[in-house]
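Chemist: Just passing along the structure, written as structure tokens.
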Amino acid sequence: MKYYGLRNQGATCYLNSILQALFMTREFREAVKSCSKHHKDDINVRLNTLFESLKEKTSETTEVTKTLRIEKVYEQQDAGQYLEKILSDVSDEASEIFKGELIHRTVCDQCGSHTDDEVPFFFLSLPLMDSKNGNYSVEDGIQEFLKDVEFCGEDQMYCDECKYKCDTTIKYKLKLHPEILILLLKRFEYNYHRMSYSKDSRAVDVCYTIDLPENQTYELYALVEHVGSLTGGHYTAIIKSEDEDRWYEFNDSSVTLLSDHRIQRKFEKSRSAHLLFYRKKRIGSQDEEQNGERRAEEERWAVEERWAKEERRAIAEIWAEEERKAEEERWAEEERWAEEERWAEEERWAEEERWAEEERWAEEERKAEEERKAEEERKAEEERKAVEERKAEEERKAEEGRNGEEERLCSGPLVIEDQSTESTGCNLWSRVRSCFTRRDQAKKRDTSVV
């Protein structure tokens with residue numbers, strides 16, 4: 001069978017490499033073809049059209065880049081990022097081939113309680129590191145990825161059972177093995193010293209077969225390589241034909257058959273391997289045995305998970321009951337405080353009203369007392385004036401009587417009786433002087449009064 005390449009639009013070698021790997025994955029190609037019948041204009045249709053064209057000739061990826069909204073075709077991107085985008089956009093039937101499931105089990109070292117989180121994945125990201133024997137392999141990366149992680153000291157995690165932070169261990173387990181396992185070697189990391197991304201070119205031994213936990217074996221059938229720098233490098237794909245059991249190199253529009261010697265060089269101490277595609281290996285009864293073991297393991301995990309859920313539910317019910325009781329007590333306490341405040345407020349209002357009433361009574365009494373005193377003063381003043389008027393009237397009458405007597409004496413004819421004795425004359429002159437004296441005094445008094 002003859003294979004054809006994909007034309008590079010500028011710097012779309014990253015896309016060409018992963019599209020060739022997906023095209024050479026028969027299960028994915030058939031799922032996309034099946035789903036494209038029920039859609040008119042989506043990524044499934046574009047991929048199916050491209051795959052049909054690849055069977056006959058070198059093809060263009062223009063429609064795929066438009067569907068993926070790739071506008072800068074002269075700017076290189078990360079192949080792993082766009083592989084994940086394609087698998088996220090295609091139908092569930094197509095992406096299910098690559099989908100696996102991890103269980104993150106968080107175990108409290110203090111009480112032994114645990115919680116499980118199910119995490120789906122399309123590929124496993126393996127960190128690169130220096131190996132003790134000098135030959136770091138893909139299996140080393142898988143073991144590093146699945147090893148237990150301990151959190152202690154300042155990194156302790158909160159335990160819902162213990163109600164405080166404890167030393168914690170996180171265990172990773174593959175619950176669902178995908179049909180196609182993709183491993184991403186983390187070549188590109190952010191360098192915080194340089195404040196930019198950099199490429200890690202450490203050598204990695206690419207294993208042709210790998211054994212995952214539960215005795216599941218996978219065989220390598222595709223490899224995406226990256227050579228050069230982060231911004232100026234180039235992607236190619238090395239893929240094994242399922243029909244011919246031969247390896248081909250897909251370099252954009254060029255397709256080359258590789259010799260065994262070149263394949264061996266590609267796998268040993270590779271400094272360019274980036275994405276690895278492994279297909280699950282099936283060997284008759286071994287598959288049945290593995291499936292049985294997997295089902296037993298899954299049942300055991302399901303039982304443990306059910307127990308854990310029941311424990312969590314019971315604990316949650318206890319907490320809910322305690323919270324409800326605490327809430328009721330808080331409400332009762334708040335009502336009691338509100339009632340006491342209301343009583344205190346009513347007493348304060350009553351006290352203020354009593355004070356206001358007493359002040360009003362005191363004010364009325366004070367006004368009554370002032371009115372009484374004013375009345376008494378008015379009556380005393382009237383009596384005083386009456387007395388003064390009466391005295392003045394009496395004095396006036398007495399004065400009038402005196403004045404009348406004096407006027408009568410002074411203006412009336414002086415009658416001198418004929419008396420021959422000397423004492424009679426003296427008495428007469430004495431009376432006359434007295435009359436004139438009283439008249440002068442009356443005039444002076446009238447003048448002083450005026």
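A short reminder: the numbers here are calculations on the coordinates, not readings from a lab. All figures in this text were calculated on a predicted structure; none of them were measured in a lab. Methodologically, a virtual Cβ is constructed for each residue, glycine included, from the backbone with ideal geometry; neighbour enumeration extends over all protein chains shown.
Chemist: Kindly identify region 343-408 as rounded, prolate or oblate by the Cα gyration tensor criterion: order the square roots of the eigenvalues as a ≥ b ≥ c, call it rounded if a/c is under 1.5, otherwise compare a/b with b/c, prolate if a/b is larger, else oblate.
Modeler: Taking the square roots of the gyration eigenvalues as a ≥ b ≥ c, region 343-408 is prolate.
Chemist: Restricting to DSSP loop positions (anything but H, G, I, E, B) with no more than 16 other Cβ atoms inside 10 Å of their own Cβ, which trypsin sites (Lys or Arg not before Pro) remain in region 29-73?
Modeler: Within region 29-73, the qualifying trypsin sites (Lys or Arg not before Pro) (loop, at most 16 other Cβ atoms within 10 Å) are Lys37, Lys40, Lys55, Lys57, Arg69, Lys72.
Chemist: Using amide H atoms built in the peptide plane, which far-off residues or other-chain residues are under 5 Å from Asn8 H to H?
Modeler: Excluding prolines and chain starts, which carry no amide H, the hits are Ser253.
Chemist: On to the next question. Within a Cβ distance under 11 Å of Glu375, other residues only, what is the Lys/Arg minus Asp/Glu net charge?
Modeler: Residues near Glu375 contribute -3 overall.
Chemist: Another question, then. For region 13-281, what proportion of DSSP beta bridges, expressed in % and rounded to the nearest 5, is antiparallel?
Modeler: 90
Chemist: Decide, for the chain, between rounded, prolate and oblate: order the square roots of the alpha carbon gyration tensor eigenvalues as a ≥ b ≥ c, take rounded if a/c falls under 1.5, and otherwise choose prolate if a/b is larger than b/c, else oblate.
Modeler: prolate
Chemist: Now, a different point. Considering only DSSP states other than H, G, I, E and B, which chymotrypsin sites (Phe, Trp or Tyr not before Pro) in region 148-255 qualify as loop sites with at most 16 other Cβ atoms within 10 Å?
Modeler: Tyr192, Tyr208
Chemist: Going Cα to Cα from Lys147, which lysines come in below 20 Å? Please leave out same-chain ones fewer than 8 positions away.
Modeler: Excluding near neighbours in sequence, the set is Lys132, Lys171, Lys173, Lys175, Lys186.
Chemist: Please figure out what share of the DSSP beta bridges in the chain is antiparallel and state it in percent, rounded to the nearest 5.
Modeler: Antiparallel bridges make up about 90 percent of those DSSP assigns within the chain.
Chemist: In debye, nearest 20: dipole of the chain around its Cα centre with unit charges on the Cβ of K, R (+) and D, E (-)?
Modeler: For this selection, approximately 3560 debye.
Chemist: For region 13-281, report the % of Cα-Cα distances exceeding 27 Å.
Modeler: 45
Chemist: Rounded to the nearest angstrom and ordered from largest down, what semi-axes does the equivalent ellipsoid of region 29-123 get from its C-alpha gyration tensor (root of 5λ)?
Modeler: Listed largest to smallest, the semi-axes of region 29-123 are 37, 17, 10 Å.
Chemist: For region 13-281, what relative contact order do you get, as a whole percent, if you take Cα pairs closer than 8 Å and at least 6 residues apart?
Modeler: After rounding, I find 19 percent.
Chemist: Taking amide H atoms as placed 1.01 Å from N in the peptide plane, list the residues 5 or more away in sequence, or in a different chain, whose amide H sits under 5 Å from that of Arg271.
Modeler: Long-range HN contacts for Arg271: Val204.
Chemist: Another question, then. Considering only Leu176, Phe122, Phe277, whose Cα is most displaced toward the positive end of the charge dipole of the chain, charges sitting on Cβ of Lys, Arg (+1) and Asp, Glu (-1)?
Modeler: Phe277
Chemist: Okay, next question. Show me the trypsin sites (Lys or Arg not before Pro) within region 85-139 that DSSP assigns to loop and that have at most 11 other Cβ atoms within 10 Å of their Cβ.
Modeler: Taking region 85-139 and a limit of 11 other Cβ atoms within 10 Å, the loop trypsin sites (Lys or Arg not before Pro) found are Lys132.
Chemist: Taking a ≥ b ≥ c as the square roots of the Cα gyration tensor eigenvalues, with a/c under 1.5 meaning rounded and otherwise prolate when a/b beats b/c, else oblate, which class fits region 149-298?
Modeler: Judged from the Cα gyration tensor, region 149-298 comes out oblate (a/c at least 1.5, b/c at or above a/b).
Chemist: Give the order of Thr231, Thr49 when sorted by the count of other beta carbons within 10 angstrom, beginning with the fewest.
Modeler: In order of increasing Cβ crowding within 10 Å: Thr231, Thr49.
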